[in-house]
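Worksheet: the structure to be examined is printed underneath.
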Amino acid sequence: MNAPRLGIEPLGVAKRDADGWRTTWRVANAEPDAVRILGAVAPHSQFRGEVSVDREVRGNGSTQLSLVVRTDGAAGSEIDNAFVILLVQHGADRWRILARLRVPLDQEARPRPRVEAITTQRVGFSGEL
């Protein structure tokens, strides 16, 4: 089965959630077949968070998911090379959808992520799990 074609984009404005910021993301499936989102992680040391998800995205459909992230950075600064990585099931294969981000922090140090590129990797392509 070919790699899934998923788009991911931030929606709205991040809202304070305890020690982090609740970010909302739209995930669009450009394939005719459904995919299942199993998790999302933001692994950057200055933009990090993780959430388990079990959500189907129908073919040519979309969904929204929330990810609470913690940021380290001063108001007005910018975090380069951050990622949101989705783990998805597409047919019998698992894939990672990597959205590379630039994350400006506004006057309140609220993250305003922008997607710069999206790449896809099959889980286990290099012999790793």
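The values are calculated or read from the model by the stated rules, or taken from the named source; none is laboratory data. In this text the structure is predicted, and so the values were computed from the model without any measurement. Cβ: placed from backbone, ideal geometry, glycine included. Neighbour counts: every protein chain shown. The area values use the complete protein model at the heavy-atom level, side chains included, leaving out ligands, DNA and RNA. Shrake-Rupley method; radii C 1.70, N 1.55, O 1.52, S 1.80 Å.
Atom-type composition of the exposed protein surface of the chain places 43 percent of the accessible area on carbon and sulfur (1.4 angstrom probe).
Close amide H pairs (under 5 Å, H built 1.01 Å from N) link residue 38 with 87, 88, 89, residues at least 5 positions away or on another chain. Evaluated at q = 0.17 Å⁻¹, a Debye calculation over the C-alpha positions of the chain (equal weights, vacuum) places log10 I(q)/I(0) at -0.84. Ligands, DNA and RNA are left out, and with a 1.4 angstrom probe the accessible area of the stretch 2-86 is 52 Å² per residue. Backbone phi angles across the stretch 54-69, fed through the Karplus curve with coefficients 6.51, -1.76 and 1.60 (θ = phi - 60°), yield HN-Hα couplings of 9, 9, 7, 10, 4, x, 6, x, 8, 8, 10, 9, 10, 9, 8, 10 Hz in residue order; Gly and Pro are listed as x.
Starting at 0 and stepping by 10 Å, how many percent of the alpha carbon pairs of the stretch 78-129 end up in each bin? P(r) for the stretch 78-129, in whole percents per bin: 25, 38, 24, 11, 2. With the convex hull of its Cα atoms as the shape, the stretch 37-113 has an orientation-averaged projected area of 5.4 nm².
Quick one: dipole size for the chain, taken about the Cα centre, charges +1 on Lys/Arg Cβ and -1 on Asp/Glu Cβ, in debye to the nearest 20.
Working: 18 positive and 16 negative charges, 35 e Å.
Taking the Cα centre of the chain as origin, the dipole is about 160 debye.
Just how far, in whole angstrom, is the stretch 97-123 from the stretch 29-48 if you go by their alpha carbon centroids? With the stretch 29-48 and the stretch 97-123 each reduced to a Cα centre, they are spaced 12 Å.
For residue 115, the solvent-accessible surface computed with a 1.4 Å probe is close to 50 Å², ligands and nucleic acids excluded. Backbone geometry of the stretch 21-30 corresponds, through the Karplus equation with coefficients 6.51, -1.76 and 1.60 at θ = phi - 60°, to 3J(HN,Hα) couplings of 10, 7, 9, 10, 10, 9, 10, 10, 9, 8 Hz, x marking Gly and Pro.
How much net charge surrounds residue 57 when only other residues with a Cβ under 13 Å from its Cβ are counted (Lys, Arg +1; Asp, Glu -1)? Write out the running numbers ahead of the final one.
Working: positive: 5, 26, 36, 55, 58; negative: 31, 33, 54, 56.
Around residue 57, the surrounding residues sum to +1.
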